[in-house]
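All remarks here apply to the structure that follows.
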Ligand code: HEM
């Protein structure tokens, strides 16, 4: 039976939107530092990138605490069942209005493909961005103060890794924004992440409706 179900809690929504804002700001300022765009001015871009980076680290610390204390980390444990069906759905089924292969519930909000991608972001891409970013900060500035053992040349691999991670995150955001429009209605996923509530099948049978459907079928 389709019911309005509270699926995203307040902190989860705050974390999601704050993270979206900070990654957007980090990407915009980072690519200005990189030389790809001009918007804030180089010096401002450097300062804003640093401020956003520290805010991001604080947010990550709160998010880790929340995931551990609420048990929500279990949502990201990868599962193999339905993975192929989910990939087929995104490649083909979605264009033929096929039904979603995975049912969303409060205890299992993510489909198998989301579990895999989000886990990859959490344990690989974001840690790599934070570590390479911090190395970028703390490698460079002591070197400018002439600590000769820290050679500026060694910064190149860090810059490549950090920039590659930035491209990965941007590719993720592009796919993510497209995929949020593929819920039961174009806006239903977006609305759910704003209000916390989503129209979901609660698994209970609506006997009254079943009887009506059966009568209709017989006619
Ligand atoms: C806590 C996380 C992060 C830290 C500590 C951090 C730190 C830094 C630092 C110190 C720089 C060098 C700035 C300069 O040369 O003055 C930089 C560059 C950059 N950052 Fe980040 N950053 C973080 C996250 C991100 C994220 C999430 C993105 C993109 C989505 C990003 C994109 C970039 C880009 C594109 C550059 C330019 C790289 C280059 O041209 O070598 N950063 N970052």
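Using a Gaussian network model of the chain whose springs link C-alpha atoms within less than 10 Å, name the residue from 86, 43, 19 with the highest mean-square fluctuation.
Residue with maximal mean-square fluctuation among 86, 43, 19: 43.
Relative to the longest principal axis of the C-alpha atoms of the chain, give the angle of the C-alpha long axis of helix 155-179, reported between 0 and 90° and rounded to the nearest 10°.
20 degrees
If packing is taken as the average number of other Cβ atoms within 10 Å across a peptide's residues, how do 70-82, 113-125 rank, most packed first? Don't skip to the end; give the middle numbers.
On the way: 70-82: 12.8, 113-125: 16.4.
Highest to lowest by the protection proxy: 113-125, 70-82.
Mind checking Rg over Rh on the chain, alpha carbons, Kirkwood formula for Rh?
1.09
Angle, helix 10-34 long axis vs. longest principal axis of the chain, Cα atoms, 0 to 90°, nearest 10?
It works out to around 40 degrees.
Computed over the Cα atoms of the range 13-72, what is the ratio Rg over Rh, Rh following Kirkwood?
Rg/Rh: 1.11.
Any idea how far apart residue 131 and residue 182 come out in nm if each label point goes 7 Å out from Cα toward Cβ?
Spacing of the two 7 Å Cα→Cβ label points: 3.1 nm.
For the range 1-117, what is Rg from Cα atoms divided by 2.2 N^0.38 Å, rounded to two decimals?
1.39
So if I restrict to the alpha-carbon atoms in the range 47-98, what is the Rg, and what is Dmax, the biggest pairwise distance, in Å?
Taking only Cα atoms of the range 47-98, I get Rg and Dmax of 18.1, 48 Å.
For q values of 0.16, 0.18 Å⁻¹, compute log₁₀ I(q)/I(0) with the Debye formula on a Cα-only model of the range 37-77, without solvent.
Taken in order of the listed q values, log10 I(q)/I(0) reads -0.56, -0.61.
Counting each DSSP H run of 4 or more residues in the chain as -39500 (n - 2.57), what helix-only mean residue ellipticity at 222 nm follows after dividing by all residues, to the nearest 500 deg cm²/dmol?
Computed mean residue ellipticity for the chain: -21000 deg cm²/dmol.
Where a number appears in this text, it was derived from the coordinates with a stated rule and is not lab data. Quick caveat, the model's predicted, so the values are computed rather than measured. FYI the Cβ positions are ideal-geometry reconstructions off the backbone, even for glycines, and counts take in every protein chain you see.
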